[in-house]
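**Student:** Take this structure first; my questions come after.
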Amino acid sequence: MEGFLPHPWWEVWYVLSLPVVVYGIYRINQLAKERRETLPLLALAGAFIFVLSSLKLPSVTGSCSHPTGAGMGAILFGPAITAVLCLIVLVYQALFLAHGGITTLGANVFSMGIAGPAVAYLVYRGCTRSKMNFYVSIFFAAALADLATYLVTSLQLALAFPSATGGVLESFGAFGTVFALTQVPLAIVEGVVTALIFKYIIQVKGDVMVRLKVIDEKRLGKLKEMISA
Amino acid sequence: MKGEILAGAAVLLLFALFLYVAGMDGGAEWGGADGEAEGVIDGLTGGTYEPWISPIWEPPSGEIESLLFSLQAAIGAIIIGYFFGYYRGRRSA
């Protein structure tokens, strides 16, 4: 979509994304200095985004789209760090695949790296507080983050291209039909796959999740028991 | 085992839906959603909008594009496999 966001919109999204990315880099530096044991998990979260965002899957609408994979990073590390991870993937796709774009990078970092992860983070924390099953919480967080990303993309395009008759709202409906509707089945698959990979993380690196305050010791113990039973 | 079965079922269901829609032959082209969004932009602006910049480099063919997409997936998959292999191996050692 290179060049598809006109002035002033592409600048707006750059300005909104930049501070979050800068804060994310600061947080990663902090982790690298003070909590080195979390770095393998950070690599895992980045790699998960690499894989999922490369898979263009067919959907029920007769077109293809790809999941984002950003929910996992957001649950583990929060939205700011996830924004940096998404930036890496988006730059790769913009430079080598002509997918996305450099001028639309700000907008894409915002929808995929900030808005989606913020939804994942809040949904996960909300579900945990209401004592929902751990894996169901992960499912909702990752699936809704995926969907939110494409809703925000639709909104970004609608703001830049308001319909002459029905304004931004009508455009949002048109873009939403293309993006968000296609995304629904893919979001469900992303939610399920993310929940499954968290089962494996609990098995091998649950202690780091406790240190990242993603989960408390008692709950981790119960989940581990469930897996080995 | 329950998680694996659920995940497998979700992927199979998506694939079954795809086969069903493809089998109905409603003229679906299975193009990218972003390509379709460009069509929506054309519709909204009456075809007057021209992208004001084009990508610096584009994969010269569909084959090379899928090569680079596979490379992206492979890089990610290697890291994921290494992570779980390393810590699982250490646990059982």
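The values are calculated or read from the model by the stated rules, or taken from the named source; none is laboratory data. Given the structure is predicted, the values throughout are model-derived calculations rather than measurements. FYI the Cβ positions are ideal-geometry reconstructions off the backbone, even for glycines, and counts take in every protein chain you see.
**Student:** When you go through (1) facing chain A (nearest Cβ under 9 Å); (2) surrounded by 11 or more Cβ atoms within 10 Å (Cβ to Cβ); (3) more than 24 Å from the chain's Cα centre (by Cα) one by one for B:G85, which number turns out not to apply?
**Tutor:** (1)
**Student:** Also, I was wondering about something else. Being crowded, with 24+ Cβ neighbours inside 10 Å and in contact with a Leu (Cβ under 9 Å, 6 or more places away or on another chain): is that true of A:G176 here?
**Tutor:** no
**Student:** Quick one: which helices (runs of 4 or more DSSP H) sit completely within chain B and have at least 1 residues that are at pLDDT below 90? First the steps, then the outcome.
**Tutor:** Numbers: elements: B:2-24, B:33-45, B:62-92.
So the answer is B:2-24, B:62-92.
**Student:** Return the residues of the range B:36-56 that are farther than 16 Å from A:W10 by Cβ and of a type in the set (A, V, I, L, M, F, W, C); say none if nothing qualifies.
**Tutor:** Result: B:V40, B:L44.
**Student:** Here's something else I'd like to know. Before we move on, is A:M209 without any contact (Cβ under 8 Å) to a residue 12 or more places away in the chain, over 24 Å from A:A148 (Cα atoms) and not charged (D, E, K, R)?
**Tutor:** no
**Student:** A further question on this structure: Pairs, please: C-beta under 6 Å, at least 6 apart or cross-chain, first residue facing chain A (nearest Cβ under 7 Å) and over 14 Å from A:G176 (Cα atoms) and in the range B:30-56, second surrounded by 13 or more Cβ atoms within 10 Å (Cβ to Cβ) and aliphatic (A, V, I, L, M)?
**Tutor:** B:P55/A:A98
**Student:** Additional query: Being within 8 Å of chain B (Cβ to nearest Cβ) and more than 30 Å from B:R91 (Cβ to Cβ) is the filter here, so list the residues in the range A:184-213 that pass it.
**Tutor:** A:P185, A:L186, A:I188
**Student:** Related question: Kindly indicate whether any position in the range A:115-126 is more than 29 Å from A:M209 (Cα to Cα) and either in contact with a strand residue (DSSP E or B) (Cβ under 6 Å, 6 or more places away or on another chain) or buried (at least 24 other Cβ atoms within 10 Å of the Cβ) (or both).
**Tutor:** no
**Student:** Mind counting the residues in the range B:58-82 that are at the interface with chain A (Cβ under 7 Å from one of its Cβ atoms) and not charged (D, E, K, R)?
**Tutor:** The number of residues fulfilling the criteria is 10.
**Student:** Please state which one of A:G106, A:G78, A:G116, A:G73 is touching a residue at least 40 places away in the same chain (Cβ under 8 Å) and closer than 13 Å to A:L144 by Cα.
**Tutor:** On the way: A:G106 fails: closer than 13 Å to A:L144 by Cα; A:G78 fails: closer than 13 Å to A:L144 by Cα; A:G73 fails: closer than 13 Å to A:L144 by Cα.
Just a single option satisfies the conditions, and that option is A:G116.
**Student:** Looking at the range A:1-112, what helices (runs of 4 or more DSSP H) fall wholly within it and have at least 2 residues that are out of contact with any strand residue (DSSP E or B) (no Cβ under 9 Å at 6 or more places or on another chain), within 28 Å of B:G32 (Cα to Cα) and among the hydroxyl-bearing types (S, T, Y)? Give the derivation first.
**Tutor:** Values: elements: A:9-34, A:39-52, A:70-77, A:79-97, A:105-108.
Hits in the range A:1-112: A:9-34, A:79-97.
Conditions (1) over 18 Å from the mean Cα position of the chain (by Cα); (2) buried (at least 21 other Cβ atoms within 10 Å of the Cβ), marked per residue:
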residue: A:R129; (1), (2): yes, no
residue: A:Q156; (1), (2): no, yes
residue: A:A160; (1), (2): yes, yes
residue: A:G191; (1), (2): no, yes
residue: A:M226; (1), (2): yes, no
